[in-house]
Structures are given as C-alpha cells and as structure tokens.
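Since the structure comes first, as structure tokens, the remarks are kept for the end.
The values are calculated or read from the model by the stated rules, or taken from the named source; none is laboratory data. These figures come from a predicted structure and were not determined experimentally. As a convention, Cβ positions derive from the backbone with ideal geometry for all residues, glycine included, and neighbour counts pool all protein chains shown. The area values use the complete protein model at the heavy-atom level, side chains included, leaving out ligands, DNA and RNA. Shrake-Rupley method; radii C 1.70, N 1.55, O 1.52, S 1.80 Å.
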Amino acid sequence: EAQVTQNPRYLITVTGKKLTVTCSQNMNHEYMSWYRQDPGLGLRQIYYSMNVEVTDKGDVPEGYKVSRKEKRNFPLILESPSPNQTSLYFCASSLTRDTGELFFGEGSRLTVL
Amino acid sequence: AQSVTQLGSHVSVSEGALVLLRCNYSSSVPPYLFWYVQYPNQGLQLLLKYTTGATLVKGINGFEAEFKKSETSFHLTKPSAHMSDAAEYFCAVSEGFQKLVFGTGTRLLVSP
C-alpha cells in the first residue's frame, strides 16, 4: 500500500529536549516536505526536499532542521523545542515537481511544555 | 506571493442540501489549484485539482470545482451533502517546487 508514515503520532515533551519526527514514504517520490498546521492559520511549509541531499527552507523554518540522506526518509529535527512549536505536523511527498499533488502522512501532534 | 482566501471557517448544511465552499486566490502566473479534504485524525487527501484545460473539474465523492479566472475563484460544490462529507476542506495554490500555499480551511458540518 502506498503511504507516508510518520512517527510518533503523539508526543508530549519539555522545552529544550531534542526530538526527531520521522517520515518515510514507499512511493519512490523525489519530493518531500514538512508542514505544520495551526488553528486559523492552515498549513505552512517548514522545509522541503527536491531529492537526496537537497533541502531548502519553507515559510517557517526557524527552530527546525531536516536531512535527506535517503530518498524514502525525511526526518524533522527540533534541536531545542519551545512551546510555540506545539502544533500538528504533516509530512508529505510528491512524485511530480510542480503540480503540487501531495500525499500526506497522518500527522504528528506535538506538545511542548 | 500567491495566497488563498477561504470565506467562512465553518459551513453548516443539512443532509441532501447543496454544498458550496468558497475559495479565492491571488497569483501573478497561471495557477495550479487544489482542494484537499481532512477527515478527523487523518492527513489531507487530494479531492480534485485544476492545472490546465477544462475549467470544471470533477473530483472524488461527487465534488467538483470550477476555475473562474475573471473572478480568481475556485469554489467547491457538491449537489447533495452526505453525513460522511463532514470534514475540513482546504483550498491551495501551487507555487511550484512542490510548495503549496494553503487557505485557512473550512469545516463542513452536516446535520441529519
């Protein structure tokens, strides 16, 4: 089954404790990205990757890091989480470059105390 | 920069009634436009998309949307609402390089 898998789905952590949200896709997609969803703000792009070892900032990259060492994986790293990073995070992938047809994971709800 | 405006954060309809969710966009280039649906505790899934060609596009679950360049709109409609349509709907415009600019979403409530 074609899917984008995120882990963990739910996480409560404390300020400053480094965490990683993993994302893996099994569709051989070249393009992957991370979004955060906040009430009243819709989805905003954090980072995206056009291929292995190629990443770039989205609209709200502050406080986040990413890496793309393998085509299928695109982890999101919060080096020192803060309460304003409490949000619902989505990983997405796409086969095509420009059409914007994204396949989304089920989301990771992160709470930073 | 491109942007999307969705009018109404909540829309309530009765089962069997017409569904109309509004979306207006701004873009300096011909846009690609999308509607995504998000069911509770799930990720977003593509409902339909407009890239080029026919301006009336049909999607899954009986939804359709019409691209109107003169009105910079891409409203989503369904002739008859079903209880299972209750979800949050997002309009989005593509800026290329896989980046989508999303609207703030409209929650559709369907009552019996």
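For region A:6-29, what are the residues that are among the β-branched types (Val, Ile, Thr), open to solvent by 20 Å² or more (accessible area, probe 1.4 Å) and touching a Pro at 6+ places or on another chain (Cβ under 9 Å)?
Answer for region A:6-29, where residues must be among the β-branched types (Val, Ile, Thr), open to solvent by 20 Å² or more (accessible area, probe 1.4 Å) and touching a Pro at 6+ places or on another chain (Cβ under 9 Å): A:VAL14, A:THR15, A:THR20, A:THR22.
Confirm whether A:PHE90 is within 9 Å of chain B (Cβ to nearest Cβ), aromatic (Phe, Trp, Tyr) and open to solvent by 60 Å² or more (accessible area, probe 1.4 Å).
No, not satisfied.
Counting only residues that are facing another protein chain (nearest Cβ under 8 Å) and in contact with an Asp or Glu (Cβ under 8 Å, 6 or more places away or on another chain), which one in region A:35-49 is least open to solvent (accessible area, probe 1.4 Å)?
Among those residues, the one meeting the criterion is A:GLN45.
Read through the list (1) over 30 Å from A:CYS23 (Cα atoms); (2) buried (at least 19 other Cβ atoms within 10 Å of the Cβ); (3) in contact with a Lys or Arg (Cβ under 7 Å, 6 or more places away or on another chain); (4) not acidic (Asp, Glu), then give the number of the only condition that B:GLN6 fails.
Going through the list (1) over 30 Å from A:CYS23 (Cα atoms); (2) buried (at least 19 other Cβ atoms within 10 Å of the Cβ); (3) in contact with a Lys or Arg (Cβ under 7 Å, 6 or more places away or on another chain); (4) not acidic (Asp, Glu), B:GLN6 breaks only (1).
Tell me which of these B:GLY59 doesn't satisfy, since it passes every other one: (1) within 12 Å of the chain's Cα centre (by Cα); (2) away from chain A (no Cβ under 14 Å).
All conditions are met except number (2).
Output the strands (runs of 3 or more DSSP E) that fall wholly within region B:35-83 and possess 2 or more residues being over 22 Å from A:SER33 (Cβ atoms), or say none.
The qualifying strands (runs of 3 or more DSSP E) are B:56-58, B:64-68, B:73-78.
In region B:13-31, what count of residues is obtained for those that are within 12 Å of chain A (Cβ to nearest Cβ) and either open to solvent by 70 Å² or more (accessible area, probe 1.4 Å) or without any contact (Cβ under 8 Å) to a residue 60 or more places away in the chain (or both)?
Final tally of qualifying residues: 2.
Cβ-Cβ distance below 9 Å, separation of 6 or more or different chains: which pairs start in region A:35-61 with a residue that is farther than 18 Å from A:GLY107 by Cβ and end on one that is open to solvent by 20 Å² or more (accessible area, probe 1.4 Å) and of a type in the set (Val, Ile, Thr)?
A:SER49/A:THR55; A:SER49/A:VAL66; A:THR55/A:VAL66; A:ASP59/B:VAL101
Does B:TYR50 meet the test of being over 16 Å from B:VAL110 (Cα atoms) and either open to solvent by less than 40 Å² (accessible area, probe 1.4 Å) or modelled with pLDDT of 95 or more (or both)?
Considered against the rule, which asks whether it is over 16 Å from B:VAL110 (Cα atoms) and either open to solvent by less than 40 Å² (accessible area, probe 1.4 Å) or modelled with pLDDT of 95 or more (or both), B:TYR50 comes out as yes.
Is it fair to say A:MET32 is buried (at least 16 other Cβ atoms within 10 Å of the Cβ), in contact (Cβ under 8 Å) with a residue 60 or more places away in the chain and in a strand (DSSP E or B)?
The answer is yes for A:MET32.
If I filter region A:50-66 down to residues being modelled with pLDDT of 95 or more and in contact with a Ser or Thr (Cβ under 7 Å, 6 or more places away or on another chain), which single residue comes out as nearest to the other protein chains (Cβ to nearest Cβ)?
Of everything passing the filter in region A:50-66, A:VAL66 is nearest to the other protein chains (Cβ to nearest Cβ).
Which one is modelled with the lowest pLDDT, of the residues in region B:93-112 that are more than 7 Å from every other protein chain (Cβ to nearest Cβ) and crowded, with 18+ Cβ neighbours inside 10 Å?
The selected residue is B:GLU95.
Only one of A:THR55, A:THR20, A:THR5, A:THR15 is of a type in the set (Ser, Thr, Tyr), in contact with a Leu (Cβ under 8 Å, 6 or more places away or on another chain) and not in a loop (DSSP other than H, G, I, E, B); which? Give the derivation first.
Numbers: A:THR55 fails: in contact with a Leu (Cβ under 8 Å, 6 or more places away or on another chain); A:THR5 fails: in contact with a Leu (Cβ under 8 Å, 6 or more places away or on another chain); A:THR15 fails: not in a loop (DSSP other than H, G, I, E, B).
After applying the criteria, what remains is A:THR20.
Which condition number does B:GLN45 fail, the rest of (1) in contact with a strand residue (DSSP E or B) (Cβ under 8 Å, 6 or more places away or on another chain); (2) more than 8 Å from every other protein chain (Cβ to nearest Cβ) being met?
B:GLN45 satisfies all of (1) in contact with a strand residue (DSSP E or B) (Cβ under 8 Å, 6 or more places away or on another chain); (2) more than 8 Å from every other protein chain (Cβ to nearest Cβ) except (2).
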